[in-house]
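> One structure coming up, written as structure tokens, with questions to follow.
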Amino acid sequence: MSILYFFLYLLLVTVIGLLYMGVARKVTAHIQNRYGPPIYQPILDVLKLFGKRHTVTHGVMHSLGPVIAYTGIASTLLFLPLGNHTPLLHFKGDLFVVLYLLVVGPLGMALGAGESSNPNATIAMARALSLMLGYEIIFFMATLPVFYHYHTASIYKVIQAQGVFPHWGAIIFPISFLAALFALQGMMGEKPFEIAIAPHEIASGPMVEYGGKYLGLLQLWHAVGIIVETGLLVDIFFGPQNIIWFFIGTFIVFYVVILVNAVMPRFRIEQAVRFYWGIPLLLAILGILQVYIWR
Amino acid sequence: MAMFLLLLIIGLTGLLAFILGPIKVLRNIISLIGAIGGLLYFVFKIRPGQAYALNIKIYNVHFGTGMSALSIFFGIILLGLFLIFLIASFHEDNDGAYYMFSFFSLLGALGVLFAKDLISFFFFFETMSLFSFLIVLKGNGETSHRSAFKYVMWSAFGAYAFLLGTFLKVNYTHSVMITDISYLGGNIKLWILILLLTPFMVKTALMPFHLWAPGAYTDSKDTYTVFLSGGLSKIGVFGYFIALFNVFSQIAVLYPWLLKVFAYIGAITASLAGIYAFMQDDAKKLLAYSSISQLGYVAVGFGVYSHFSVVAALFHALGHAVFESLLFLVVAGVYYRTKTHDLRKMGGLIKKMPLSFIGLLFGIIATSGIPPTIGFPSKWLLYEAIILKNDLFLVSLVFFASITAFLYSYKLIHSIFLGKLHKEHEHIKEAPFGYGFGIVVLLIPLFVLGTNPGIVVKPIDYIVRFYLKPDLAYNLTNMTTPLGHVNFPAIGITMTLLFTLSFIIYLIFGKSYRAAQEDNYTATEWIDKDFGLHYGGEFYGFMRKAFGKPLTWSFEKILNACLKVVSFLGEIARGFYMGDARVYLFYIILFFAIIVYIMGGKL
Amino acid sequence: MKLFNFSQSRSLWMMHFCTGCGAMEMPPTMTSRFDMERFGIIPMATPRQSDLLLITGYLTIKTLKRVVRAYEQMPTPRYVLGFGSCTINGGMYWDSYNVIKKLELYIPVDIYINGCMPRPEAIIDAFLKLREMIAKGEANAWKKYIENYEWYKKNQSEVFDVEKWSIKNEK
Ligand code: SF4
């Protein structure tokens, strides 16, 4: 029974994530003065990709790459509370577990992309991992004050400790929240940090050799990734929400991200890393100082 | 007596191996029997609490040996790794002396674990350093002489600091036994502590003392590096424990700032070594820096100095022994087949050496600390311990270091196993039995302890509980700190379950066929089979730009500058003694002139 | 199967590979004025990810080699859209020494657009036509290539070195 519930839950979140992707395309189209595709377009895309008859693979790891990527993100989802909704595993989603599970996906994809012996893919992965040196640390430092303030490392407890509207993490720690928003942009790989994908430069990077069902799995990975990444931010900074408001919250955060994405050019990789070590790092440090002063 | 017998077994085996040197088979069998016998003897005969005192009353000095639970913990790591090293090393071309040296270095390391007084501690420590130096000297690189020299110089530096500390201690306490000296007055105990810590900082290659490590790790024979990095560096961790807890039980009260500095040194080591690691192009150099980086976490654990941070440090020491040895072993196996360590010259070996690939894959997963492997519990504990100590900057620094681990891990696995297969490697086979055996054996604790950390946390907790207030609740599979709670197998089970699910999704849809190596998207251009498509050189080259100048700074340069100053001064000093007659004449005149000047008035 | 056909018809990813001058008409088709993303048609970066290969105009022999390679790298089912008169009969390059006259001889084509050069309206029209065909399961030119592989290879070998250029592991 509970296993069935697992799968339904996963399916639901995946579909919602795909719809978010559709919305992103629609919004971008509107900004560019176009109609854009229907918002269920990504679902059709995924269906189509899974329907492809013959695809190529470059070896075992190349095939398993997307599988591992989806595994990683789906396990993260199960350890992440969606607002008030407790994580399915009765585990009280610990921050570090989530942070470490979050890198399983990129790692799986990195291994898969690496085996294709296409230098575009490897260059992209080298860029993606280097970018982590920028945003991961900012994200971590930005969320630390909240966890420190409520004296727990459990995401669930942090949600519960925040309380209703004026007691949200975002309002108590505005500086950290801002830093976390900066980090989120890189975490989701949207412009100006779209360095790893860069379709016009390195031919969509890690995906360069993936087609058919592999690309389909990667799309699913991306879809769940959107919910997990924005959801992490909503959980930590927007207090206890029921599941409806949780999704509205993630949507708002995601909306901000795609608005920035729509109007931004792309950084070079070293510019991006350096950018993160500038103002966002300063903000993150200020946020930590704030919580020290409060104590 | 059991301990002496063990040391005797190890020593005798070493001698026998030397004598039987030319007869390869016999030598191998003898050393194998010795190592296995030693391990079994250790596991079954040696118990904590066994002690033996040798009363040679020179100047009222007692010598003593004894076993603690900690010694057993480290002893098993050492002997286990030694066995793995030994089996793999039979594939290499070694002489009898090599085996004798390695057995003696093991003997020294075990002796350190048994020692209860500082003099025998020093003696065994030096034995270990000396023989591992001799082995580095026999290494295969062209620069091995230089590296070995560096290694022995740094070891000597540490050893003399230790000796000085011992003398100071004896001077003040009139005892060479490893006993508490917190009660001493004045600043002298601080000096003793720092002097006693120095050799261990050298041994674990903490940052200002790390310069020997990349060279020694790179230039020693590949299989011995497994033992050198995984095993012998643990002696340094053991030493931290001795110095911080046995010699100095109240350091947290007396010198909290010292611990803080220690923790920050550890964190900076972990971060900087991580950065250096992903800029290396030599597989073993990369691993050497990664080893330094990982041992930085151990120092952080000791520096934070709470119950479960020390548990984390010891657990991480064990984890390091497992995954770092695994990585070194795989690289050794790859070297055995390809005869190169240069990451730019390898690639695509996954199809030829699948077992090695699996070994390296899980090795890097553990190095990065991803659950459910052995790397995760210790890192998790460490983070929570640091947050509990209210140091958010330290925890950020440690987190930064753990991100660098992803970078160098990926570089390693990609450059060796993924990407394009080179033409000259087309007929390569899987690494031979000795390497494969070690890989399989090391994979077991990697997963078992990753999902059931309680197995090891229990004895570690039993050791640490004695010194620090326990605040970690655990059982076989769960751990609860005041901050959070983790159920380790749950992570593993979830991942397995979801992996199955995604794998089923993968299986039911569409067929796929295997593409040839050249069948890549190259902007639809045709490429030659030998065309260098592998992205191996200048991996992360752009990070050089991102870091800019600071990356070019290094301790080595500072030391070289010091060297220049010293040799300049030396040149001047030499002038005093070895100048020609005119110089002496000049000195004499100068001497008289000064005398005349000083006495001026009175003359 | 029907579902797949339907989703395939609604989501056509095209290979961003501009061969001839007809490609000039693609930018207005993609951007605000005509907006082909309405129909789920977007340009993709690599042949691995694409369903639709646009041959936008004349093909020199030099380009043909690359086109064949790209076509063979695409996963099946895959569709080809011949664009402009040049792909049908050579168009204004009917007597050129290095331009192929009939695209159909070298790779199977699902649908042609007439004109030199076709307006974006015509292109959109072709897309919609192709979409209908796919939904009904009629656009099966890709099967022809697999069935008559030898024949296509023979034709190709008359203009370039097939041994060197085609992908060996083709099924
Ligand atoms: S049909 Fe006309 S527009 Fe198209 S490629 Fe030929 S010449 Fe150019």
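The values are calculated or read from the model by the stated rules, or taken from the named source; none is laboratory data. Every value quoted in this text rests on a predicted model; they were computed, and no experiment measured them. Glycine also receives a Cβ, built like all others from the backbone with ideal geometry; neighbour counts cover every protein chain displayed. Please note that ligands, DNA and RNA were not included when accessible areas were found on the heavy atoms of the full protein model with its side chains. Shrake-Rupley method; radii C 1.70, N 1.55, O 1.52, S 1.80 Å.
> Out of the helices (runs of 4 or more DSSP H) lying entirely within segment C:26-142, which hold 3 or more residues that are within 16 Å of the ligand (Cβ to nearest atom) and more than 14 Å from the chain's Cα centre (by Cα)?
By residue number, C:26-30, C:120-136.
> B:I84 versus (1) farther than 24 Å from B:V322 by Cα; (2) out of contact with any strand residue (DSSP E or B) (no Cβ under 9 Å at 6 or more places or on another chain): which is the lone unmet condition?
Of (1) farther than 24 Å from B:V322 by Cα; (2) out of contact with any strand residue (DSSP E or B) (no Cβ under 9 Å at 6 or more places or on another chain), only one is false for B:I84: (1).
This table checks each residue for (1) at pLDDT below 85; (2) more than 16 Å from B:P214 (Cα to Cα).
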| site | (1), (2) |
| --- | --- |
| B:S293 | no, no |
| B:F308 | yes, yes |
| B:A312 | no, yes |
| B:L327 | no, no |
| B:T340 | yes, yes |
| B:M346 | yes, yes |
| B:I358 | no, yes |
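> Can A:P192 be described as closer than 27 Å to A:M264 by Cα, open to solvent by 10 Å² or more (accessible area, probe 1.4 Å) and without any contact (Cβ under 8 Å) to a residue 40 or more places away in the chain?
no
> Which residue, of A:V257, A:V208, A:V273, A:V224, is touching a helix residue (DSSP H, G or I) at 6+ places or on another chain (Cβ under 9 Å) and within 14 Å of chain C (Cβ to nearest Cβ)?
Within the list A:V257, A:V208, A:V273, A:V224, the selection yields A:V208.
> Another question, if that's okay. Taking A:V15 and the conditions (1) open to solvent by 30 Å² or more (accessible area, probe 1.4 Å); (2) at the interface with another protein chain (Cβ under 7 Å from one of its Cβ atoms); (3) modelled with pLDDT of 85 or more; (4) under 18 Å from B:L498 (Cα atoms), which numbered condition does it fall short on, given that it satisfies the others?
(2)
> Sticking with this one: Report yes if some residue within segment B:456-469 is of a type outside the set (S, T, Y), touching a Ser or Thr at 6+ places or on another chain (Cβ under 8 Å), in a helix (DSSP H, G or I) and within 13 Å of another protein chain (Cβ to nearest Cβ); otherwise report no.
Looking for residues that are of a type outside the set (S, T, Y), touching a Ser or Thr at 6+ places or on another chain (Cβ under 8 Å), in a helix (DSSP H, G or I) and within 13 Å of another protein chain (Cβ to nearest Cβ), one finds none in segment B:456-469, hence no.
> Within the set of pairs 6+ apart or on separate chains, which have a first residue in segment B:513-531 that is more than 8 Å from chain A (Cβ to nearest Cβ), a second that is exposed (fewer than 15 other Cβ atoms within 10 Å of the Cβ) and modelled with pLDDT under 70, and C-beta atoms under 7 Å apart?
Taking only residues 6 or more apart or on different chains, the pairs are B:A516/C:K168; B:A516/C:N169; B:E518/B:K529.
> Considering only segment B:258-279, I want to know if a residue exists there that is open to solvent by 40 Å² or more (accessible area, probe 1.4 Å), part of a loop (DSSP other than H, G, I, E, B) and in contact (Cβ under 8 Å) with a residue 40 or more places away in the chain.
No, every residue in segment B:258-279 fails to be open to solvent by 40 Å² or more (accessible area, probe 1.4 Å), part of a loop (DSSP other than H, G, I, E, B) and in contact (Cβ under 8 Å) with a residue 40 or more places away in the chain.
> Here is a further query. Going through A:F247, A:F267 one at a time, which residue ends up being touching a residue at least 24 places away in the same chain (Cβ under 8 Å), aromatic (F, W, Y) and in a helix (DSSP H, G or I)?
Working: A:F267 fails: in a helix (DSSP H, G or I).
Checking each option against the conditions leaves just A:F247.
> Exactly one condition in (1) hydrophobic (A, V, I, L, M, F, W, C); (2) buried (at least 22 other Cβ atoms within 10 Å of the Cβ); (3) over 23 Å from A:E209 (Cβ atoms) is false for C:V80; which is it?
Evaluating C:V80 over (1) hydrophobic (A, V, I, L, M, F, W, C); (2) buried (at least 22 other Cβ atoms within 10 Å of the Cβ); (3) over 23 Å from A:E209 (Cβ atoms) leaves (3) as the failure.
> Something else now. Going through segment A:150-169 one residue at a time, which ones are hydroxyl-bearing (S, T, Y) and open to solvent by 20 Å² or more (accessible area, probe 1.4 Å)?
Across segment A:150-169, the qualifying residues are A:Y150, A:Y156.
> Of these, B:S147, B:S233, B:S155, which one is among the polar types (S, T, N, Q), out of contact with any Lys or Arg (no Cβ under 9 Å at 6 or more places or on another chain) and part of a helix (DSSP H, G or I)?
B:S147
> Also: Any idea which residue in segment C:2-25 is nearest to the other protein chains (Cβ to nearest Cβ), counting only those that are open to solvent by 10 Å² or more (accessible area, probe 1.4 Å) and within 16 Å of the ligand (Cβ to nearest atom)?
Looking at the filtered set, the residue picked out is C:F17.
> Select from segment B:1-42 the residues that are β-branched (V, I, T) and assigned to a helix (DSSP H, G or I) and list them in ascending order.
B:I9, B:I10, B:T13, B:I19, B:V25, B:I29, B:I30, B:I33, B:I36
> Scan segment B:87-103 and tell me whether some residue there is in contact (Cβ under 8 Å) with a residue 12 or more places away in the chain, assigned to a helix (DSSP H, G or I) and under 16 Å from the mean Cα position of the chain (by Cα).
Within segment B:87-103, not a single residue is in contact (Cβ under 8 Å) with a residue 12 or more places away in the chain, assigned to a helix (DSSP H, G or I) and under 16 Å from the mean Cα position of the chain (by Cα).
> Continuing with this model, one more query. Here are some residues: A:F140, A:F147. Which one is under 23 Å from A:F267 (Cα atoms) and open to solvent by less than 10 Å² (accessible area, probe 1.4 Å)?
A:F140
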